[in-house]
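> Sharing a structure below in structure tokens format, with a few things to ask.
The values are calculated or read from the model by the stated rules, or taken from the named source; none is laboratory data. In this text the structure is predicted, and so the values were computed from the model without any measurement. Cβ sites come from the backbone with ideal geometry, for glycine too, and all protein chains shown count toward neighbours. Ligands, DNA and RNA are stripped out before the accessible areas are found, and what is left, the full protein with its side chains, is counted by its heavy atoms. Shrake-Rupley method; radii C 1.70, N 1.55, O 1.52, S 1.80 Å.
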Amino acid sequence: MSAPTPAPLLLADVQKRVAAELDRLAPVIDELGARFEQAGEELALVGGPVRDAMLGRLQNDLDFTTSAHPDVTERILKGWADAVWDLGKEFGTIGARKGDWQIEITTWRSESYDPSSRKPSVAYGTSLHGDLRRRDFTVNAMALTIPGRQLEDPYGGIIDLAQRVLRTPGTPEESFSDDPLRMMRAARFAAQLGFAVDPSVVTAMTEMAERIEIISAERVRDELIKLVLAPQPRLGLRLLVDTGLASYVLPELPALALERDEHHRHKDVYEHTLTVLEQAIDLEEERGHAPDFVSRFAALMHDVGKPRTRRFQDDGAVTFHHHDVVGAKITRKRMQALRFSNEQIDAVSSLVELHLRFHGYGSGEWTDAAVRRYVRDAGDQLERLHILTRADCTTRNQRKAARLRRTYDDLEARIARLSEEEELASIRPDLDGNQIMEILGIGPGRAVGEAYTWLLDLRLDEGPKTPEQAEAALRDWWAARG
């Protein structure tokens, strides 16, 4: 399960971490700072890298802000950086690589949204403090001037970081009006850092949630991916639901908070879903995988078909028949609206549709043919299906949970045995299309496809055959077909 929110930091600890990280950065920042200073320009390490240095989690991506315009920045970097690129030049950003360090240097700027626009209008700023004010949260509005290494923190970011709280440099209303996506970023940073969100920020998010509709689907998607891949996504997802933002960006999630029936005979599907997500994350780690968006998003979406399929029986029981199939369709539609890739859409939708398949396994009564079909239908999503199916057990009955784990252990062991014997991952008929045409004396056409499908079913049902056995079976099928 996810870790609890960490205790506040001591400022002395923050300062020690920054000093240690700056020593590591010295070869880069000292040389770069000197070059900008010689050119008569100001330079500062800014935003996320400053925050992460204070948290002791600095990565190799460094963001700087400067008084220099992009053309000047390019000239300063040439001859020093290993590579320079201008992909973000229209927004004032020049990228570079120096050794293992990835660098982005952006001209001081101010940007805001027109109330009806999906894109920010960008203008160069006139001061470092003005640049910091336009940033999303105070913990991201700190800078270290280079080469002087002077901390610039006009909005109290170091105090907020020590107290682990997210506030905006100006009023939240002003910040979210400038860029409504910052409301989603509040949820994302809560999930990434484990920080609390200031009540004034939560209030503004709630009152301004509808403004998220002017943001492009692609930007919303990218924030959602970062949130789901964070260490504690439950924190961010809860904030999206509680403020009403989820109703605009992922309405299937708040819909899971089904109104309980009067007898309280079914689970709170919303809470169950968040628990499944956390258990999937734990299984990722246990099984040696890196954070995986497809696996986590499938856990988040696996029950989205339940609201639409909920039925009350005469005895008060509640059913959700075919919620797996319905949920797969809902998932596909939502991911298409958020402009996910076809590959991601297919993978997540397939997992949602297959997440109940294991429950037909009972106590291991499946034949080898059924196990083969399970593997065939899962395809390259089999490992993710293992994780989702195991994570979907949230019962508090320890005896039942242990029985389900043992049963799935048995299924995985059978899959491993059959895979070793039969190469299940690449299962194909024992004869290919050319052999089928030669044996039956026919040319390309529908009959070849029908024969191929029949041979594949035979292979799944009875296992591998020799070429002679497969040919005899094919001839018998063809003759019976008339």
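> Using amide H atoms built in the peptide plane, which far-off residues or other-chain residues are under 5 Å from Trp80 H to H?
Correct list: empty.
> If you don't mind, there's one more thing I want to ask. Give the share of C-alpha pairs in each 20 angstrom bin for the chain, from 0 to the last occupied bin, in whole percents, shortest bins first.
20, 42, 28, 10, 0
> Here is a follow-up. When the Cα atoms of the range 247-400 are enclosed in a convex hull and the volume is divided per residue, what value in Å³ results? Intermediate values should be presented prior to the final figure.
Working: hull volume 20.7 nm³, N = 154.
Output value, Cα hull per residue: 134 Å³.
> Nearest-5 percent of antiparallel DSSP beta bridges in the chain? Intermediate values should be presented prior to the final figure.
On the way: 25 of 33 bridges.
Bridges in the chain that DSSP calls antiparallel: roughly 75 percent.
> Here's something else I'd like to know. Of Thr171, Leu237, Ala217, which is farthest along the charge dipole of the range 171-270 in the positive direction, counting Lys and Arg as +1 and Asp and Glu as -1 at C-beta?
Of the options given, the answer is Leu237.
> Quick one: plug the Kirkwood hydrodynamic radius of the range 326-420 (C-alpha pairs) into Stokes-Einstein at 10 °C, 1.306 mPa s, and report D in µm²/s. Write down the numbers at each step before the final one.
On the way: Rh = 14.4 Å.
In µm²/s, the coefficient rounds to 110.
> Mind ranking Val325, Val72 by accessible surface for me, highest first, 1.4 Å probe? Walk me through the intermediate numbers first.
On the way: Val325 55, Val72 35 Å².
Listed by decreasing accessible area, they come as Val325, Val72.
> With a 1.4 Å probe and all protein chains kept in place, how much accessible area does Arg384 have, in Å² rounded to the nearest 10?
Accessible surface of Arg384 is approximately 60 Å².
> Of all the C-alpha pairs in the range 309-363, what % are more than 12 Å from each other? Working shown, then result.
Numbers: 1022 of 1485 pairs.
Cα-Cα pairs of the range 309-363 separated by over 12 Å account for 69 percent.
> Still on this structure, please answer the following. Angle check, please: helix 323-337 long axis (alpha carbons) against the longest principal axis of the chain (alpha carbons), in degrees 0 to 90, nearest 10.
Approximately 40 degrees, to the nearest ten.
> A further question follows. In terms of solvent-accessible area of protein heavy atoms at a 1.4 angstrom probe, what is the ranking of Lys329, Lys400, highest value first? Write out the running numbers ahead of the final one.
Working: Lys329 145, Lys400 95 Å².
Descending accessible area places them as Lys329, Lys400.
> Which three semi-axes in whole Å describe the equivalent ellipsoid of the range 48-99, each the square root of 5 times a Cα gyration tensor eigenvalue, listed largest first?
22, 13, 9
> If you don't mind, another one. Find how much the distance from Ser341 to Ala413 grows on full extension, using 0.36 nm per residue of separation minus their present alpha carbon separation; answer in nm with one decimal. Don't jump to the answer; show the numbers that get you there.
Values: separation 72, 0.36 × 72 = 25.92 nm, distance 3.31 nm.
22.6 nm is the gain from fully extending Ser341 to Ala413.
> Convex hull over the alpha-carbon atoms of the range 124-184: what's its volume per residue in Å³? Present the calculation step by step, with values, prior to reporting the outcome.
Numbers: hull volume 5.6 nm³, N = 61.
Residue-normalised Cα hull volume stands at 92 Å³.
> Kindly flag which residue pairs out of Lys89/Lys226; Lys329/Lys465; Lys226/Lys306; Lys16/Lys98; Lys400/Lys465; Lys16/Lys89 have an alpha-carbon separation exceeding 28 Å in this structure.
On the way: Lys89/Lys226 24 Å; Lys329/Lys465 37 Å; Lys226/Lys306 26 Å; Lys16/Lys98 26 Å; Lys400/Lys465 40 Å; Lys16/Lys89 35 Å.
Result: Lys329/Lys465; Lys400/Lys465; Lys16/Lys89 exceed 28 Å.
> Here's a follow-up. Keeping all protein chains in place and using 1.4 angstrom, which order do His322, His272 fall into by accessible surface area, from largest down? Please report the intermediate quantities before stating the final value.
On the way: His322 135, His272 15 Å².
I get His322, His272, largest accessible area first.
> How much accessible area does His386 have with a 1.4 Å probe, in Å² rounded to the nearest 10?
10
> Can you give the extra length, in nm with one decimal, that the chain gains between Asp461 and Asp368 once fully stretched, where that is 0.36 nm per residue apart less the Cα-Cα distance?
Details: separation 93, 0.36 × 93 = 33.48 nm, distance 0.75 nm.
Between Asp461 and Asp368, full extension yields 32.7 nm more.
> What's the extension gain from Asp82 to Arg311 if we count 0.36 nm per residue and subtract their Cα-Cα distance? Write down the numbers at each step before the final one.
Working: separation 229, 0.36 × 229 = 82.44 nm, distance 6.31 nm.
Separation in residues times 0.36 nm, less the Cα-Cα distance, equals 76.1 nm.
> With no solvent and one point per C-alpha, what does the Debye sum give as log10 I(q)/I(0) for the range 107-253 at q = 0.10, 0.17 Å⁻¹?
Once normalised to I(0) and log-transformed, intensities are -0.34, -0.97.
> Kindly state, to the nearest 0.05, the FRET efficiency for Ala19 paired with Thr171, given R0 = 41 Å and r defined as their beta-carbon distance. Don't skip to the answer; put the middle values down first.
Numbers: r = 34 Å, r/R0 = 0.82.
It comes out at approximately 0.75.
> Kindly express, to the nearest 10 degrees and within the range 0 to 90, the angle between helix 368-378's C-alpha long axis and the longest C-alpha principal axis of the chain.
The answer is roughly 30 degrees.
> Using a 10 Å Cβ count of at most 13 others and DSSP loop calls, identify the longest part of the chain lacking such GluC sites (Glu not before Pro). Show your work: numbers first, answer last.
Details: sites that count: Glu259, Glu262, Glu365, Glu423.
Longest stretch, sites excluded: 1-258.
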